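K.L.:
Sharing a structure, written as structure tokens. Questions coming.
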Amino acid sequence: MNNFIYKDQELYADDVSIRELAEQYGTPLYVYSKNHLKTQFEELTNAMAEVDPLICYSVKANSNASVIKTFLELGSGLDIVSGGELFRALRAGADPQKIVYAGVGKTEEEIKYALKENILFFTVESEAEAKRISDCASELDLTGRIAFRINPDVDPKTHKYISTGKKENKFGLDIERTITAYETASSLPNIEIAGIHMHIGSQLLSAKPFEEALTKVKELCVELKDKYPTFKHIDIGGGIGIQYKPEQEALSPKVYAEHVIPILKTLDLKVVMEPGRNLAGNAGILVSTVQYVKDNPFKKFIVIDAAMNDLIRPALYQAHHEILPIAENSETVFGDLVGPICESGDFLAADRDLPAVKQGDLLAAMSAGAYGFTMSSNYNSRPRPAEVMVDNDKAFIICERETFEDIIRKETL
């Protein structure tokens, strides 16, 4: 479902004009469609209904409180990776028993915070982390529920920076080491073996790697389930890919489900999922204003007021975001779409056919709802953009634009 379409040659989010939003709130501006968020969640829920998973929205994809609350209202749990995300989750009204905590570097303070809030379980990346959770739980006289993250050594065929399930990645334990890790953890005080976790990468457009990974861990799950009575969960992570380019075909939840459900049904474990990009990616756009159109002998540069500090994915991952004019226009020019930051890597599109525009025109970087604002920064002392949520024909400001004063508020002279 595409909630960003042209009407009368102007780009709209649902029934709200993007141009009017830009005029009201300024640019750069993030705009999200609440309907898209809801549709994506419901589509995944329906596709996986046979195993009735706990779908834990991955907060790192887009941590705005209104985005989190939208999913909570649909019955979602949450996948978090920091104490700050736990704070955001609880502030938005999350049930701690629907929160799973991932991440390779949890501190003592973060672990104690999560233990006191009684989250569902920790995803554990190493034996040392299990020992730390045990120590913290013992100190607080609480129980730490854990699920070791297994690394099935499956190539997800995605960008190397978002591949997480190969043996050379920093995440999880290899299969051979896992049995020993569980045996060690089971002897630790104040630890409960809750299940197992796997996540092989992000933006996968084929369901085969998911099936391959589950096939690899199937026998291990059976063995662990027989050995530990409290072993009740299998967390299968996220990674379901979306469409970034017109020629790409997103991995549909239906196709994904067809590959994983038959294996999951044989395990008779409670299924947890951690989608992020799949739910939020195509729910958002980044709107910018053209500042200059610059020619040199080699290429054309379209300079906008959005930059790599607003949307770093193109610079970091060489990621592709479709660039659309707010005023519908089929004319194109070849060149780079760049921002004002003093870095050669400050681009939103490079060596591409771009909309033919002039100074003052508006452009939209599509598919910016995940890992957009949440990865933004104040580099070059640039205030971060405002965020707006559209719900049918209404728009709500869900994060005000930063000011210069906001940037330096905690500094001292």
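Here, each number is a calculation from the coordinates, and none is a lab measurement. Since the structure is predicted, the reported quantities are computational estimates derived from the model, not experimental observations. Glycine also receives a Cβ, built like all others from the backbone with ideal geometry; neighbour counts cover every protein chain displayed.
K.L.:
Roughly how many Å is it from the Cα centre of segment 298-330 to that of segment 66-140, as a whole number?
P.N.:
Cα centres, segment 298-330 to segment 66-140: 35 Å.
K.L.:
So in segment 103-273, what percent of DSSP beta bridges are antiparallel if you round to the nearest 5?
P.N.:
On the way: 1 of 19 bridges.
Among the beta bridges of segment 103-273, antiparallel pairing accounts for roughly 5 percent.
K.L.:
List the aspartates and glutamates whose Cα lies under 20 Å from the Cα of K116, skipping any in the same chain that are fewer than 8 positions away.
P.N.:
Output for K116: D79, E85, D95, E108, E129, D135, E139, D141, E192.
K.L.:
State the extension gain, in nm to one decimal, for the chain segment bounded by E183 and D15, taking 0.36 nm per residue of separation less the distance between their alpha-carbons.
P.N.:
Working: separation 168, 0.36 × 168 = 60.48 nm, distance 5.64 nm.
Using 0.36 nm per residue and subtracting the Cα-Cα distance, I get 54.8 nm.
K.L.:
From the gyration tensor of the Cα coordinates in segment 103-273, what semi-axes in whole Å does the equivalent ellipsoid have, largest first, with each one equal to sqrt(5λ)?
P.N.:
Values: eigenvalues 170, 62, 40 Å².
Working through the eigenvalues yields semi-axes of 29, 18, 14 Å.
K.L.:
Can you list residues from other chains, or at least 5 along the same chain, whose modelled amide H is less than 5 Å from the amide H of D305?
P.N.:
Here T289, Q291 satisfy the definition.
K.L.:
Here's a follow-up. Taking every alpha carbon pair in segment 201-240, what does the distance histogram look like in 5 angstrom bins from 0, in percent?
P.N.:
Result, from short to long distances: 5, 21, 26, 19, 14, 10, 5, 0 percent.
K.L.:
Say R0 is 45 Å: what FRET efficiency, to the nearest 0.05, do D393 and S344 get from their beta-carbon distance?
P.N.:
Values: r = 42 Å, r/R0 = 0.94.
Plugging the Cβ-Cβ distance into 1/(1 + (r/R0)^6) gives 0.60.
K.L.:
Percent of alpha carbon pairs in segment 259-413 separated by more than 19 Å? Kindly include the intermediate steps, with their values, before the conclusion.
P.N.:
Numbers: 7264 of 11935 pairs.
Of all Cα-Cα pairs in segment 259-413, 61 percent lie more than 19 Å apart.
K.L.:
Considering only DSSP beta bridges where both residues belong to the chain, give the percentage that are antiparallel (nearest 5). Walk me through the intermediate numbers first.
P.N.:
Values: 35 of 72 bridges.
About 50 percent, rounded to the nearest 5.
K.L.:
Oh, and also: Once you have the Cα-Cα distance between F301 and N118, take 0.36 nm times their residue separation minus that, and quote the gain in nm to one decimal.
P.N.:
On the way: separation 183, 0.36 × 183 = 65.88 nm, distance 5.24 nm.
Length gained, F301 through N118: 60.6 nm.
K.L.:
Now, a different point. Roughly speaking, what % of Cα-Cα pairs in segment 1-94 are separated by over 22 Å, rounded to a whole number? Walk me through the intermediate numbers first.
P.N.:
Values: 1812 of 4371 pairs.
Of all Cα-Cα distances in segment 1-94, 41 percent exceed 22 Å.
K.L.:
Which Cα, out of P229, I196, V154, lies furthest along the positive dipole direction of segment 103-273 (beta carbon charges, K/R +1, D/E -1)?
P.N.:
Farthest towards the positive pole: V154.
K.L.:
Modelling each spin label as a point 7 Å along the Cα-to-Cβ direction, I'd like the I408/E219 distance in nm, to one decimal.
P.N.:
Inter-label distance under the simple model: 6.5 nm.
K.L.:
Taking the Cα centre of segment 254-386 as origin, work out the dipole magnitude from +1 charges on Lys and Arg Cβ and -1 charges on Asp and Glu Cβ, in debye rounded to 20.
P.N.:
Working: 12 positive and 15 negative charges, 63 e Å.
For segment 254-386, the charge dipole is close to 300 debye.
K.L.:
Any idea how far apart E43 and L140 come out in nm if each label point goes 7 Å out from Cα toward Cβ?
P.N.:
Each label point is offset 7 Å from its Cα along the Cβ direction, giving 3.8 nm.
K.L.:
Another one. Could you go through segment 259-276 in sequence order and give the Karplus-derived ³J(HN,Hα) for each residue, using 6.51 cos²θ - 1.76 cosθ + 1.60 with θ = phi - 60°, rounded to whole Hz, and x for Gly and Pro?
P.N.:
Values per residue, Gly and Pro as x: 8, 9, 4, x, 6, 4, 5, 6, 8, 6, 10, 6, 8, 10, 10, 10, x, x Hz.
K.L.:
I would also like to ask the following. If you bin the C-alpha pair distances of the chain every 20 Å from 0, what whole percents do you get?
P.N.:
Over the chain, the share of Cα pairs per 20 Å bin runs 26, 53, 20, 1 percent.
K.L.:
Beyond 14 Å, what percent of the Cα pairs of segment 1-56 remain?
P.N.:
Numbers: 964 of 1540 pairs.
In whole percent, the share of Cα-Cα pairs in segment 1-56 beyond 14 Å is 63.
K.L.:
With a point put 7 Å past each Cα toward its Cβ, work out how far E322 is from K245 in nm, to one decimal.
P.N.:
1.4
K.L.:
Another one. Given +1 on the Cβ of Lys and Arg, -1 on the Cβ of Asp and Glu, and no further charges, what dipole in debye does segment 207-317 carry about its Cα centre, rounded to the nearest 20? Numbers along the way, then the final one.
P.N.:
Numbers: 15 positive and 14 negative charges, 19 e Å.
Using only the charged Cβ atoms, the result is roughly 80 debye.
K.L.:
OK, next. Hey, which of these cross-link pairs are over 26 Å Cα-Cα: K38/K98; K60/K265; K208/K245; K38/K60; K254/K394; K34/K410?
P.N.:
From the list (K38/K98; K60/K265; K208/K245; K38/K60; K254/K394; K34/K410), the Cα-Cα distance tops 26 Å for K60/K265; K254/K394; K34/K410.
K.L.:
Still on this structure, please answer the following. Kirkwood Rh over Cα pairs of segment 336-409 into Stokes-Einstein at 25 °C, 0.890 mPa s: D in µm²/s? Don't skip to the end; give the middle numbers.
P.N.:
Values: Rh = 14.8 Å.
Estimated diffusion coefficient is 165 µm²/s.
K.L.:
How many angstrom separate the Cα center of segment 172-225 from the Cα center of segment 360-378?
P.N.:
Distance between centres, Cα-based: 35 Å.
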